[in-house]
1. Sort out which residues of the stretch B:156-174 are under 20 Å from residue B:374 (Cα atoms) and within 14 Å of another protein chain (Cβ to nearest Cβ), and write them in order of number.
2. Considering only residues that are away from chain A (no Cβ under 14 Å), touching a residue at least 40 places away in the same chain (Cβ under 8 Å) and in a helix (DSSP H, G or I), look in the stretch B:233-283 and name the one that is surrounded by the most Cβ atoms within 10 Å (Cβ to Cβ).
3. Go through (1) within 14 Å of chain A (Cβ to nearest Cβ); (2) out of contact with any helix residue (DSSP H, G or I) (no Cβ under 6 Å at 6 or more places or on another chain) for residue B:375 and report which single condition fails.
4. Looking at the structure I just gave you, is residue A:45 closer than 15 Å to residue A:292 by Cα, in a helix (DSSP H, G or I) and among the aliphatic types (A, V, I, L, M)?
5. Assess whether residue A:361 counts as being over 17 Å from the mean Cα position of the chain (by Cα), surrounded by 17 or more Cβ atoms within 10 Å (Cβ to Cβ) and among the polar types (S, T, N, Q).
6. Is there a residue in the stretch B:309-317 that is more than 14 Å from chain A (Cβ to nearest Cβ), over 17 Å from the mean Cα position of the chain (by Cα), touching a residue at least 40 places away in the same chain (Cβ under 8 Å) and more than 30 Å from residue B:65 (Cα to Cα)?
7. How many residues does the stretch B:170-225 hold that are in contact (Cβ under 8 Å) with a residue 24 or more places away in the chain and part of a helix (DSSP H, G or I)?
8. Across the stretch B:382-405, what is the total count of residues that are surrounded by fewer than 22 Cβ atoms within 10 Å (Cβ to Cβ) and of a type outside the set (S, T, N, Q)?
Amino acid sequence: MDSRVRCKVDHAKEVIVTNFRKRRWVIVDDDDDTWHFYWGTGSAARNTFNPEIGFRLADNQFINHFPNHFELTKKDLMVKNIKRYRKELAKEGRMAEYEASDFLPTTYTLPADYHLFIEEYKRRPATSWIVKPAGGSLGSGIFIMKKLSQLRKWKAQKQAAGSSVKWVVSQYIDNPLLIGGRKFDLRIYFLVLSYRPLRVYMHSMGFARFCTAKYDTEVLDPEDLMQHLTNVAIQKHGDEYNSAHGGKFSLQNLRLFVEGTHGRAAARKLFADIKAIAFHAFSAVKNVINSDRHCFECYGYDVLVDDTLKPWLVEVNASPSMSATTQTDRTVKHTVINDVINMVLPAGFPDLAACKLGVGSNLDAPMGGFELVVDELKDAARPGSASPRPPPSSAAASTRVRRARARSRTRGSTAGRPSSAAGTRTPRSRPASRTSSSRPASRRR
Amino acid sequence: MHAMALAADGSKPLEAVARAREAWRTEVVRGLREMRAKLGLPWARLRSAAELAEDDDDRAVAEDERLVALLDKGLVQPLAINALFRALIRITNPNATAAFTRFFPLGLISLALAVPSRSELRCSWDALSLGNKCCDDSLAPDGPTEWEDAHYEAGKALLATGDVDALRDWARHGIPSSLRFDAWLALLLVAPSHDNALHFDALLGEVEAWDFAIDAPLRADINATANDEHYFVFLDLIRDVALAFVRDRTLPSLLALPGISLVDPSSGAAYPPCGVVPPEGLAHMIAPLAYLSSAPDGVYSVFRALYTRHLVRLSALASGSESLLTLAAAFETWLAELDPVLAAHCTAIGAPPLRAAFPWLVRGFSSFLPPGQLLALWDRIVAYDSLYVVPALAVGIFTLRASSLLECASPQDVAGVLSNLSACFSATTRLDH
């Protein structure tokens, strides 16, 4: 029999297939179960583990999802799990961790929590809310609401249509950090090798996704989704979409910018906080997820950063898009998948005996662009590394404020933004600044 | 004429260079006049009250559309790097006979110019030698080392004291991103002052009020940054700084080498007011500074100092030290000394090394390196107060890629090997040559 690695992929995504080809793996047919490595959709993984199918994975078969990853990746379940986790932290008196895990905007599930939401809505009349389908993706079905009547009308429509889909309504973060006057969110890849013990790595090749339209800090125009939603799937349909860069900006560049404009301590804290988000979100579900040793998962975290440099978790994707829109995008995704495969495969794969220890058992695997978030397996050897988040020291915070003060002294009012909240949002730029920005570039294409 | 005046070090410019510069000036001016005639615009035009009353966005859109139409018709030619290259390699010394020409006959620069020897550089750049730590040794965010923390704290303390000499010594080991803005201001001797902000605001007022014919090629240049994955978000900032720059009348007296400009016959004033026709790629030189500060006036102050003191030399045809001419000669000389086989091979297949390296030199590597690496390179320019790091990096890239280059059989192959430089930087900034 052919001793080569047999692999399978659901949708022939170019970057996945090229990775397989580079490794000289044989790609098997859709209905062939004799694979060693399967990069599939979430439902493909659920089917693989469906007891009715009666299919048992061999020691040398590995798949890119945990069977019940939806505990983290469906918005309503994620919110439920994280709320419960924080309640437990509070009960145990772990207040530092309780504070550190406060990264979800206030969120309610509809229709179940409708009345709770109404109460909250009345308490905070100035807040805007964003409504999303619990299981949707690519920005479909999302709208932003300020008035309750909008929600009532929408609810009546859903009821009339007999829809039983769950929705979530979240506080809309209306003070995002703007760069060049534009809103962005972050897509960051986290690899989970195992939930128990928890083993998580973050990839350095994340990116920021920018809106093409300028963010209007004065008037919130809920109709103009171009300035609010960063999904490339949405932005792609805009007139100003630029196919040279697709509105994407590397994480390294973001860090360079934050260091230059907000200082070193602030940049370090932002990136530590982002790692902390992943640590707590994974911790919140580690006991409910079926931590099968045939499984690994590369999650795409969507994180929004506000103008106090606090990162908020928007959602977690189990199947982050692996289609590439630009050359850089292709390189990024190709590299991430290559690094994932290296980290995941046991030494000696696909030899049956060598694979007994399961995913991530090769502790000498090259990490590529991955860096450690938490590895409870290694913690035995290196105690203390389990808490990835250094408590935000007051020294760091005061450095930031000092810098901000020094800057505004020397450079006028538009300088470094102090960390206090409202009122300090980006001043509407000077009269000479233009809002038509990338027009010529996009038209030429 | 400027060019015949004594250089700052008291030396007389070479006659051949002065002649070449004058020819180049004539060419540039002729090109500008042709462009202006085709555009059908006056050099400078005060916008009417009606125009100013229009919505900002609408006008910007209209201007962009007009420009795109002109670009499509091929009417606007930004001051091209290729033309500068031809002007540079045209320079010959009529007195040179075979006995007096440079020992290395493969180079494109036919003047025998004194350039620092590699051992001289090694002495003055001792901080860069292997074994000394530099803070961009790992540009990847692996987390700071103890040395980097200490280096950062030392820099912060030096900035507080205002001791520029000590700061310069410190900066030779690299500048942490978070101190770069303040350190560059100090090392470029810009006094932080509220006047800088007022000055910039006044220039923006002029951008608003005056329509310049020379804005057309500049806008084409600016719009190119909208397609750059590293800089597209900063387009507005880059546009403001670039358009303000050409209107800055205080620049001519600050320029380290005289730039090429025209004289407005009606007023006798230089045109553009900044005293230098913006070279192709100016917007890409501004762009990296968007990472230093989000305050446009701060970015402007740094750029103004950096350009007048250093970057202006990169497109200057002059015989003084550290002009484009001497930097190009340094590149050819060092490469020929270090790897004559490589230099000869490239020349033999019709791809003389200077041709590939020329855009890197003229632009100071801007648009060729990702911003983190580019700023680390420019840290060296600012810290050593010298542009020789630019040709040194160019030589480093050639030697790093030597084995691939020696396999090339055509200029296209060479271009392919040298198309992505982002992996070269950390390997070559440390001077092992």
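The values are calculated or read from the model by the stated rules, or taken from the named source; none is laboratory data. From a predicted model like this one, the values you see are computed outputs, not experimental measurements. Every residue, glycine as well, gets a Cβ built from its backbone with ideal geometry; the counts of neighbours run over all protein chains shown.
1. Residue satisfying the conditions is B:174 alone.
2. Checked the stretch B:233-283; the qualifying residue surrounded by the most Cβ atoms within 10 Å (Cβ to Cβ) is B:282.
3. Residue B:375 satisfies all of (1) within 14 Å of chain A (Cβ to nearest Cβ); (2) out of contact with any helix residue (DSSP H, G or I) (no Cβ under 6 Å at 6 or more places or on another chain) except (2).
4. yes
5. Numbers: over 17 Å from the mean Cα position of the chain (by Cα): yes; surrounded by 17 or more Cβ atoms within 10 Å (Cβ to Cβ): yes; among the polar types (S, T, N, Q): yes.
Answer is yes for this residue.
6. Initially, the stretch B:309-317 is screened for residues more than 14 Å from chain A (Cβ to nearest Cβ), giving B:309-317.
With over 17 Å from the mean Cα position of the chain (by Cα) added as a condition, the list becomes none.
Checked the stretch B:309-317: no residue is more than 14 Å from chain A (Cβ to nearest Cβ), over 17 Å from the mean Cα position of the chain (by Cα), touching a residue at least 40 places away in the same chain (Cβ under 8 Å) and more than 30 Å from residue B:65 (Cα to Cα).
7. 33
8. Narrowing the stretch B:382-405 to residues surrounded by fewer than 22 Cβ atoms within 10 Å (Cβ to Cβ): B:384-386, B:399-404.
Okay, now just the ones that are also of a type outside the set (S, T, N, Q), so B:384-385, B:400-402.
Final tally of qualifying residues: 5.
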